[in-house]
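One structure is given here, and the rest of the page talks about it.
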Amino acid sequence: MLLYALLVFLVGACGGLVLASFVLRGRFAPWAVSLLHALLGATGIVLLILAVMLDNLGALPLVALGLFLITAGFGFFLATLHFDQKVAMKRYVLTHAGFAVTSVIVLLVAVLLG
């Protein structure tokens, strides 16, 4: 199930790249891509929670889950800005992306070692 969570997060990351490309150019990101990105992130987190709860996988998946939850918190903050029709500050987007990349790397290591 870790592999499925990783794949969902990687597909969601593609949408994140599209969103970041808009915001980093000072433009408002498309709503459809934003909603799809959020849905994929939430799906990945649910899959990761299920994997951690159902299997004894060690510490790395749990660390990845914690990091993804922090990432989701930043994402929720960005979504509130989006909802208010404001373009997010670049540092907020880069912080969200940094946590997301770190989370994916930790999850990838967990999958490869598992």
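Every read-out reported here was derived from the displayed coordinates using simple, explicitly stated rules and does not represent laboratory data. Just so we're clear, the structure is a prediction, and the values are computed from it rather than from any experiment. For neighbour counting, all protein chains shown are included, and Cβ atoms are generated from backbone atoms with ideal geometry for every residue, glycine included.
Okay, here's what the table says:
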item	result
Distance between segment 13-45 and segment 66-102 - C-alpha centres, whole angstrom	10 Å
Cα shape, segment 1-43, gyration tensor, a/c 1.5 rule	prolate
Shape call, segment 1-98: gyration tensor on alpha carbons, a/c limit 1.5	prolate
Segment residue 79-residue 17, length gained on full extension (0.36 nm per residue, minus Cα span)	20.8 nm
Selected from 67, 40, 54 as most flexible by GNM, with the chain as the system and alpha-carbon contacts under 10 Å	54
Residue-averaged [θ]222 nm for the chain, counting only DSSP H segments that reach four residues, each worth -39500 (n - 2.57)	-29500 deg cm²/dmol
From phi via Karplus (6.51, -1.76, 1.60), per-residue ³J(HN,Hα) for segment 3-8 in Hz, x at Gly/Pro	5, 5, 4, 4, 5, 5
Per-residue Cβ neighbour rank within 10 angstrom, fewest leading, 11, 111, 23	11, 111, 23
